[in-house]
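First comes the structure, then the notes that go with it.
The values are calculated or read from the model by the stated rules, or taken from the named source; none is laboratory data. Everything numeric here is computed off the predicted structure, so don't read it as measured data. Note: ideal-geometry Cβ built from the backbone for every residue, glycine included; neighbour counts use all protein chains shown. Please note that ligands, DNA and RNA were not included when accessible areas were found on the heavy atoms of the full protein model with its side chains. Shrake-Rupley method; radii C 1.70, N 1.55, O 1.52, S 1.80 Å.
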Amino acid sequence: MYHSSTQRRHWTFCTEEELSRRRADANRRFRCKVVANGKVQQNDSFILEPHEELTICKYYEKRLLDFCSVFKPVMPKSVVGSACMYFKRFYLNNSVMEYHPRVIMLTCAFLACKVDEFNVSSVQFVGNLRESPIGQEKALEQILEYELLLIQQLNFHLIVHNPYRPFEGFLIDLKVSETYTNHTISSLSQTVQRDVILLGDQRA
């Protein structure tokens with residue numbers, strides 16, 4: 001149940017300010033790391049600000065949704081929701097300057113397929129990429145390389161309580177038309193691009 005889930009206890013936050021603070025902390029940790037290594041100076045222009053990192057994340061969240069929307073076979077909404085949630089959680093505590101969001105995006109989708117028991121092979125998965133066979137093979141190598149890292153950064157909290165199934169049940173109870181149901185579910189899918197899926201009331 002959601003009320004006793006790791007999602008509620010560890011990945012649901014009270015305010016947008018808390019999300020911003022976590023992202024700023026991730027940015028600062030990376031800055032300190034590369035400066036300590038002597039690779040860059042603190043004020044080098046190619047070091048991103050937190051708001052710039054967030055803009056990049058938003059871009060790749062849209063790319064993730066686009067990838068999932070044309071996936072063959074058709075990807076269930078719950079898998080899409082889990083993939084987007086993994087992506088958002090990962091970049092609450094990590095910097096896009098350290099981990100390329102395209103690789104993390106694909107790894108999130110691949111992991112979500114496994115967790116939600118959407119059975120596609122690794123070859124099928126990368127076959128959905130518009131790349132050459134060599135490019136697909138390289139992408140698969142990167143996905144498999146980063147999969148354990150992703151799981152660790154999610155603190156092994158892989159079960160995501162998505163809104164789709166209960167909401168569909170609610171619409172069935174209301175006996176609304178199939179057209180309206182599909183339109184509403186489609187609108188609901190847009191919320192996974194927003195931080196609202198990380199926010200909630202943590203009171204008992």
When residues of segment 17-48 are limited to those that are open to solvent by less than 70 Å² (accessible area, probe 1.4 Å) and among the basic types (Lys, Arg), the one farthest from residue 199 (Cα to Cα): 31
Counted residues, segment 3-16 - those being assigned to a helix (DSSP H, G or I) and loosely packed, with under 11 Cβ neighbours inside 10 Å: 2
Complete set of residues in segment 103-117 that are out of contact with any Phe, Trp or Tyr (no Cβ under 8 Å at 6 or more places or on another chain) and surrounded by fewer than 19 Cβ atoms within 10 Å (Cβ to Cβ): 114, 115, 117
One residue from 88, 62, 58 being basic (Lys, Arg), open to solvent by less than 60 Å² (accessible area, probe 1.4 Å), over 20 Å from residue 144 (Cβ atoms) and in a helix (DSSP H, G or I): 88
Verdict on residue 100 being open to solvent by 40 Å² or more (accessible area, probe 1.4 Å) and over 22 Å from residue 197 (Cα atoms): yes
Scan of segment 125-139 for residues that are open to solvent by 30 Å² or more (accessible area, probe 1.4 Å) and within 17 Å of residue 64 (Cα to Cα), ordered by number: 127, 128, 130, 131, 136
Whichever residue in segment 40-66 is among the β-branched types (Val, Ile, Thr) and in contact (Cβ under 8 Å) with a residue 24 or more places away in the chain and, among such residues, is farthest from residue 85 (Cα to Cα): 47
Of residues in segment 67-83 being in contact (Cβ under 8 Å) with a residue 24 or more places away in the chain and outside any helix (DSSP H, G or I), the one most open to solvent (accessible area, probe 1.4 Å): 72
